[in-house]
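Okay, structure first, notes after.
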Amino acid sequence: MIENDVSQSLVTLAIGFATIVLYLAACLAISVRQQKLTVVDTAWGLGFVLVGIVSVLVSDRGEGMPGPALLLIVLVGIWGVRLAFHLHTRNSGKDEDPRYQQLADADGRSFIRVALTRVFLPQGLAMFLVATPLMVGMNNAGLIGWLAWLGAAVWAVGFFFEAVGDWQLKQFKKNPDNKGEVMDQGLWRFTRHPNYFGDACVWTGIWLVAAASLPGLLTVISPIAMTFFLTKVTGASLNEKGMRETKPGYEDYVRRTSGFFPLPPKSRS
């Protein structure tokens, strides 16, 4: 039984990997045509939704969709579509994101080479690592157990922090009086990155849903990788570098506000 589960999981992972390659190749073509690297932002969330759909089709053994698989596709679908819509509307009609523009201008290489080697290839590898519990968990049969419900609860906490944090920041930026000011209201009082914290919780929850089986348990690399990317690579560290350069009050905000996990803010004194 375990050998069959492992074998089926490997097949799903292989097809999922091929799906990611083809999907991001198409997104790369769009990026090159538009000469904008921010295309990858919208592609990120939708890519997981596509991988989930393909994994469902591959893992279906003719017995209908089991509860855990249905739960996974619902959780990933809600998260991925919301994130893609949020990032697309945020970037639509605007110039290239400064972080991407810096990459494009860094060493004089062609746009397509920068897009492939510095953006889409790293994003593809990250997507595959993070999506492993989604792909493997689709093979979990039976009813939704307590561990999966726990995962759904962790996902819900993460989705709240991510969605509400993004909405609060959007409303803050709409007010012209806040131009040049540091967002330190709402969830942003308790963590400097409620959206990144939420993202990490979302994928921890998805991993818990998949962890009801041994192959799913072994995909713990997903929440570890996501948290690492968000805190050390493309997320918080890169974002804060720019904030320190453009927001005069950001250092004081850093001193009184937790960097990742939500905690009560420290006194301004």
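The values are calculated or read from the model by the stated rules, or taken from the named source; none is laboratory data. Quantities reported herein were computed from a predicted structural model and do not represent experimental measurements. Neighbour counts are summed over all protein chains in view; Cβ atoms, including those assigned to glycine, are modelled from backbone coordinates with ideal geometry.
Descriptive notes on the structure:
- Contacts under 6 angstrom Cβ, first residue in the stretch 97-114 being over 17 Å from residue 30 (Cα atoms), partner modelled with pLDDT of 70 or more, 6 or more apart: 103/114; 103/118
- Sole residue being farther than 20 Å from residue 42 by Cβ and within 15 Å of the chain's Cα centre (by Cα), chosen from 128, 172, 161, 85: 161
- Subset tally (residues that are in contact with a Gly (Cβ under 6 Å, 6 or more places away or on another chain) and either at pLDDT below 90 or over 21 Å from residue 208 (Cα atoms) (or both)) for the stretch 47-65: 0
- Members of the stretch 170-188 that are surrounded by fewer than 19 Cβ atoms within 10 Å (Cβ to Cβ) and either in contact with a Phe, Trp or Tyr (Cβ under 7 Å, 6 or more places away or on another chain) or more than 27 Å from residue 254 (Cα to Cα) (or both): 178, 184, 185
- Looking only at the stretch 92-124, residues that are in a helix (DSSP H, G or I), of a type in the set (S, T, N, Q) and under 15 Å from residue 43 (Cα atoms) come to 1 in all.
- Selection of the stretch 188-210 for residues being under 11 Å from the mean Cα position of the chain (by Cα) and of a type in the set (Val, Ile, Thr) yields only 202.
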